[in-house]
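Read the structure below first, then the notes.
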Amino acid sequence: MSLLPPPVNFRKKYIIRAMYLRLFEAYGPQRWWPAQTPFEVIVGAILVQNTNWQNVEKAIKNLSDKKLLVFSSLNALTAVQISSYIRPAGYYNIKAKRLKNFLTFLAQHYDGNVACMAARPLKDLRNELLSVNGIGPETADSILLYALNKPVFVVDAYTRRLLVRHGFEKDTGSYQAMQELFMSSLEPDTAMFNEYHALIVRLGKDFRKEKAAGPDYPLKDKKYFL
DNA sequence: GACCAGGCACATC
DNA sequence: GATGTGCATGGT
């Protein structure tokens, strides 16, 4: 029995859990991922790399209008052809190649069927995705969580900024360290991981909006929302 | 006209 | 391992 304060990790984990409740209370369910099918989720996950979602929506619509949000249709196109549809998303040449890389991977390993991926052990599947050129940790985890409903926590730029601003991680901290903080603090619950990450993005966008609203906005007071 | 956005690969030290 | 750079559009 000790009256000493609990270890830092204990406090951090408590706050990680409490933040979810606060965010959910404030914003409610976010209903992610904004897509009709798991295949569309994956296309969006690649297109959104370092890009505003609004721009991705335009690219997705171009593909959707041409009925290309289906493996067989998109896979029939060359990278150059794909790039012509996804221009609004930016980095369109490299992203077209990345989409082709994924489509080739899906064809070779899963007969072009996204649902077939879900049968593989999570760790193996994650490593497979990471082996595809153009799919890094965040894109892989977004695919696992939002397309395949696997209990994996997605760390993105908003998550990183949140942890750094709260002094939970150094800004040089690794993706894995930040992911581990969430996953060791929470039960592996797919629906909750889905919601939590979406809420962090919502918070980040809100924060940016208010910051842009005026130079007198009291950022210092808004920094901590717990 | 800057500056930014839900990354990633690659070169170099 | 850490750090720097190219990739590109559209909104504020």
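Taking first residues from region A:103-117 that are of a type in the set (Val, Ile, Thr) and partners that are surrounded by 15 or more Cβ atoms within 10 Å (Cβ to Cβ), the Cβ contacts under 6 Å between residues at least 6 apart in sequence or on separate chains come to A:Val114/A:Pro38; A:Val114/A:Phe39. Among the conditions (1) touching a Phe, Trp or Tyr at 6+ places or on another chain (Cβ under 6 Å); (2) under 26 Å from A:Lys100 (Cα atoms), the only one that A:Ala147 does not satisfy is (1).
If a residue counts only when it is basic (Lys, Arg) and in the same structural domain as A:Gly136 (by TED's automatic domain parsing), which helices (runs of 4 or more DSSP H) contained entirely in region A:1-98 have at least 2 such residues? Even if it seems obvious, please write down each step before you answer.
Values: elements: A:8-27, A:38-47, A:53-65, A:71-75, A:79-85.
Hits in region A:1-98: A:53-65.
The one condition from (1) outside the structural domain of A:Leu69 (by TED's automatic domain parsing); (2) among the charged types (D, E, K, R); (3) within 14 Å of DNA strand B (Cβ to nearest atom) that A:Glu138 does not meet is (1).
Scanning region A:164-210 for residues that are assigned to a helix (DSSP H, G or I), among the hydrophobic types (A, V, I, L, M, F, W, C) and farther than 23 Å from A:Arg31 by Cα gives A:Val164, A:Ala177, A:Met178, A:Leu181.
Can you confirm whether A:Glu40 is modelled with pLDDT of 95 or more, charged (D, E, K, R) and away from DNA strand C (no atom under 16 Å from the Cβ)? So A:Glu40 passes the test. The conditions of being charged (D, E, K, R) and within 19 Å of A:Leu144 (Cβ to Cβ) are met by A:Lys123.
If only residues of region A:85-118 that are β-branched (Val, Ile, Thr) and away from DNA strand C (no atom under 16 Å from the Cβ) are counted, the one that is surrounded by the fewest Cβ atoms within 10 Å (Cβ to Cβ) is A:Thr104.
The values are calculated or read from the model by the stated rules, or taken from the named source; none is laboratory data. Remember, it's a predicted structure, so these values are computed and weren't measured experimentally. Quick reminder, even Gly has a Cβ in these numbers, built from the backbone with ideal geometry, and neighbours come from all protein chains shown.
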